[in-house]
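Structure record follows, encoded as structure tokens.
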Amino acid sequence: MHFSSNAKQFVLLLIVGIVLLLGYVHYSFFNERLNGVWFDSSNRDIPVDKDQRNTSLSKSIFRSREQNIISPERLLYKQPSVLAGRTDVVAVTPWLAPIVWDGTFDPDLVDTIYKSMNITIATTVFAVGKYVLFLRDFLETAEKHFLVDFNVRYYVFTDRPDDVPSVNLSQGRHLSVIQVPGSNRWQEISARRMEIIQTAIERQISREADYIFCLDVDSKFHARWGAESLGRLVAVIHPWFYQATRDHFTYERRPASTAYIPMDEGDYYYAGAVFGGLLEEVYTLTKVCRNQLEEDARNSIEAAWQEESHLNRYLLYNKPSKLLSPEYQWDDKKTKTKEVKVIRFSSVVKNYAEIRPNV
Ligand code: UDP
Ligand code: MN
């Protein structure tokens, strides 16, 4: 058989075409797996599956992934030591996530690194009913201490938009008020936060910020809270439980609840008053917790500490990439301990009977 050179070229092109097509089909198949259940397969029964992640919200809408830690040339700072450092506290978890304590990081170095990324940090805060009274102190102290010189967008969720105080914000900082329904049960206000944050991320925040912190309003900042707090998934160790053994943690202990944690499990007891991370991570967290809160409600069970219980369950199986020490969530009712060198953020003492809609 004799082929003309045209026919030879045609056959060659056909073969190249088939190879490219096969390559594409192969790539799409694995890419699909990467976007789906693949990275959750190590989780046990926590239902973070393809349906929980990004079905209504495509991955592409999130602005950023965790970036490389780039330090500018000729930035001078103290040499890090391999041998000397804090020895009175543990600054790393068994899965090698840092636990942020004063003295374990260089504040100027971390701020410089993150400032060059030109990021925006969303901060959600709920002020429903009489809790609007906490807003002024919260915002005024945040302007003094919270991610100073960064782009910060506060999202205030309230049923009383007219009572949101006007606070002078520094350059690069912005505040949105989002109206939400009131309630005559504080448990419901507290528990619905997950759903409301999830919805706000979908509708607005995902387009406006890179990182997010979700904070309690009944608190004040007292000292620097900087870029050392930023990470993929960030949780804070509860100030009342960091010296306790896990069987004393106030996890939800009834197997009937989706927040259930057995007595012999648990890493730390995390506070519900502070969680954060990349928008995409916090979106998944709020979505899973919201679904579990709703499943419990359908089964007429309310976890011991509402969303805090669900948060703890989520974080037990979806390990945070960075933990903030109790410096970042103290309580004015608690005497300072020697390992806490600085109190950065602390809950104020409040009269529950006066401030909450029910007791
Ligand atoms: N919250 C609110 N109105 C209420 C009850 C709670 O806005 O009537 C919000 C508020 O942001 C508050 C958070 O839910 O900081 C958690 O409730 P709270 O601080 O009372 O719980 P605690 O920290 O005392 O456990
Ligand atoms: Mn609180």
I'd like to know if the stretch 252-271 contains one or more residues that are within 15 Å of ligand 1 (Cβ to nearest atom), hydrophobic (A, V, I, L, M, F, W, C) and modelled with pLDDT of 95 or more. yes
So, in the stretch 303-327, how many residues would count as being farther than 25 Å from Asp159 by Cβ, within 14 Å of ligand 1 (Cβ to nearest atom) and not in a helix (DSSP H, G or I)? 1
Out of curiosity, is Leu278 within 21 Å of the chain's Cα centre (by Cα), aliphatic (A, V, I, L, M), within 29 Å of His145 (Cα to Cα) and more than 16 Å from ligand 2 (Cβ to nearest atom)? yes
If I ask for residues that are under 30 Å from Arg203 (Cα atoms) and surrounded by fewer than 10 Cβ atoms within 10 Å (Cβ to Cβ), which ones from the stretch 63-98 would you list? Asn68
Of the residues Glu195, Glu188, which is of a type in the set (Asp, Glu), without any contact (Cβ under 8 Å) to a residue 60 or more places away in the chain and either within 16 Å of ligand 2 (Cβ to nearest atom) or over 19 Å from Leu139 (Cβ atoms) (or both)? Glu188
Residue that is farthest from Thr93 (Cα to Cα), among those in the stretch 274-322 that are buried (at least 23 other Cβ atoms within 10 Å of the Cβ) and of a type in the set (Gly, Ala, Ser): Ala303
Could you grab me the full set of residues in the stretch 252-275 that are of a type in the set (Phe, Trp, Tyr) and closer than 24 Å to Thr124 by Cβ? Tyr268, Tyr269, Tyr270, Phe275
For the structure I just gave you, tell me whether Ile189 is in contact with a Ser or Thr (Cβ under 7 Å, 6 or more places away or on another chain), surrounded by 13 or more Cβ atoms within 10 Å (Cβ to Cβ), at pLDDT below 95 and of a type in the set (Val, Ile, Thr). yes
Take the residues in the stretch 328-341 that are assigned to a loop (DSSP other than H, G, I, E, B) and surrounded by 15 or more Cβ atoms within 10 Å (Cβ to Cβ); name whichever of them is nearest to the chain's Cα centre (by Cα). Gln329
Given (1) part of a loop (DSSP other than H, G, I, E, B); (2) within 16 Å of ligand 1 (Cβ to nearest atom), identify the lone condition not met by Ser346. (1)
Could you list, in sequence order, all residues of the stretch 199-226 that are away from ligand 2 (no atom under 16 Å from the Cβ), within 14 Å of Val156 (Cα to Cα) and touching a residue at least 60 places away in the same chain (Cβ under 8 Å)? Ala200, Ile201, Ile205, Ile212
Between a residue in the stretch 77-89 that is closer than 17 Å to Val100 by Cα and of a type in the set (A, V, I, L, M, F, W, C) and any residue that is surrounded by 10 or more Cβ atoms within 10 Å (Cβ to Cβ) and at pLDDT 95 or above, which pairs come within a Cβ distance under 6 Å, given they are 6 or more apart or on different chains? Val89/Trp101; Val89/Glu339
Which residues, counting only those in the stretch 133-158, are outside any loop (DSSP other than H, G, I, E, B), farther than 19 Å from Ala200 by Cα, more than 20 Å from the chain's Cα centre (by Cα) and free of Cβ contacts under 8 Å to residues at least 60 places away in the same chain? Arg136, Glu140, Glu143
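The values are calculated or read from the model by the stated rules, or taken from the named source; none is laboratory data. Computed from a predicted model, the values in this text were never measured in an experiment. A quick note on method: Cβ atoms are made from the backbone with ideal geometry, for glycine too, and the neighbour counts reach across all protein chains shown.
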